[in-house]
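Only one structure is covered here, and it is reproduced in the block below.
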Amino acid sequence: MTNSPLHAAWLKKTFASDSNSPDGGAGSQTPGGGGGGVVWPDLLMSRTMPVHLLTTQQESVSSHPMIIERNNLMAVADLVIKQLLDLSLRLGRKIESEEYPPLIHLLYLLELILKHGFIQGRKFGLGQKNVWDVLLQVESRRRGANNSSAINTVAASTPAMSFRSLLSSATSTAGGGGGSNGSSNNGVGSNKSTSSAPPVVSSESDGICASVECLSLKTSLGKVRAWLRFGLMQKNLADKFKALMDAKSMLTDYYHPEALICSEDAVLLYGRLIGLNVVDFNLCLKDQDFDNQNFCIDLTKYLRKKDDYFDSELAS
């Protein structure tokens, strides 16, 4: 129904007797009331949408169990990393044992983060996969990218041979004994250009998975735990998580969209893990039974009690 002048005049005439009502003519009339008893639905009245209706969709999204778990993991991770950094300052930025609760809690939290939102069971074309298989695949892709970039660098640094040099080398090799000197000279020149090129080798960080395999661990979860400790000691754990975050096209096959590693919170986690590079971790991984470890986080160490809050207020 359009708001034409005739329509506005009809509304004014119809509800003229309602202008003295407590609602000022803005509410719907009941059949027994004064003013003609015309009932006008609220749908045609100018009314703003209630706030609770606007926030219903946001509440439904934030109340998703996986999103709540993600927020809890990030909140506890902030507290644990802060406690670990404070502990490292007291120890001279060196941690050489896993006996400290903040370190144990951090390793367990990172394990939970890697498992958060992981699609369990078989998937068509992928088979039975686990978190360790994902880490291996990301590692192999990163190693392949590094090798290809190194090959491109070598190709760009090697000078291209001109057509005349190619022709002279071809005639010298086909000429027999007289061209042996020319071929040897060309061979020396080619050896010089080849020897000046840097060799294509994999970096130290690309050998973490190979180092984990040398520990003879049986379960994939035990290998993930060793992988986390190697990353801390080599100070590239943040880079490993960054490589995992960058492989979003691959992660969609293994993780739910609400998983922490696939969300924007992963960028915040990457920033937190960079701060751990100031700490020198020296952990013993030999003869450790990572396959059968049970962890539990004591949240009472990170929660602030009411008595402590009032004591701090009085001290301030």
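Data overview
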read-out	value
Matching option when the condition is out of contact with any Gly (no Cβ under 7 Å at 6 or more places or on another chain) and either part of a helix (DSSP H, G or I) or modelled with pLDDT of 80 or more (or both), among S202, S193, S172	S193
Sole exception among (1) touching a helix residue (DSSP H, G or I) at 6+ places or on another chain (Cβ under 9 Å); (2) more than 30 Å from Y270 (Cβ to Cβ); (3) exposed (fewer than 11 other Cβ atoms within 10 Å of the Cβ); (4) modelled with pLDDT of 50 or more for V61, by number	(2)
Residue list for segment 239-260, restricted to those being in contact with a Phe, Trp or Tyr (Cβ under 9 Å, 6 or more places away or on another chain), within 26 Å of D291 (Cβ to Cβ), among the hydrophobic types (A, V, I, L, M, F, W, C) and assigned to a helix (DSSP H, G or I)	F241
Qualifying residues in segment 89-138 (those that are at pLDDT 90 or above and assigned to a strand (DSSP E or B)) - the one surrounded by the fewest Cβ atoms within 10 Å (Cβ to Cβ)	K94
Residue selected from segment 210-222 under the condition small (G, A, S) and touching a residue at least 12 places away in the same chain (Cβ under 8 Å), by the criterion nearest to D289 (Cα to Cα)	G222
Qualifying residue in segment 17-28 (condition: at pLDDT 55 or above, open to solvent by 100 Å² or more (accessible area, probe 1.4 Å), part of a loop (DSSP other than H, G, I, E, B) and charged (D, E, K, R))	no
Scan of segment 231-283 for residues that are in contact with a Ser or Thr (Cβ under 9 Å, 6 or more places away or on another chain) and either over 19 Å from S97 (Cβ atoms) or open to solvent by 30 Å² or more (accessible area, probe 1.4 Å) (or both), ordered by number	Q234, N236, D239, K240, P257, C262, V278, D280, N282
Candidate set: segment 78-88, residues that are in contact (Cβ under 8 Å) with a residue 40 or more places away in the chain and open to solvent by 60 Å² or more (accessible area, probe 1.4 Å); chosen: the one nearest to the chain's Cα centre (by Cα)	L79
D298 vs. criteria among the charged types (D, E, K, R) and either under 18 Å from I208 (Cα atoms) or at pLDDT 85 or above (or both)	no
Residues of segment 223-236 satisfying the condition of being part of a helix (DSSP H, G or I) and without any contact (Cβ under 8 Å) to a residue 40 or more places away in the chain	G231, Q234
Filter result (out of contact with any Leu (no Cβ under 9 Å at 6 or more places or on another chain) and assigned to a helix (DSSP H, G or I)) within segment 275-292	N292
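The values are calculated or read from the model by the stated rules, or taken from the named source; none is laboratory data. As the structure is a prediction and not an experimental result, all values here were calculated from the model. Note that each Cβ is placed from the backbone with ideal geometry, even for glycine, and that neighbours are counted across all protein chains shown. Accessible surface is based on the protein model in full, side chains and every heavy atom, while ligands, DNA and RNA are left aside. Shrake-Rupley method; radii C 1.70, N 1.55, O 1.52, S 1.80 Å.
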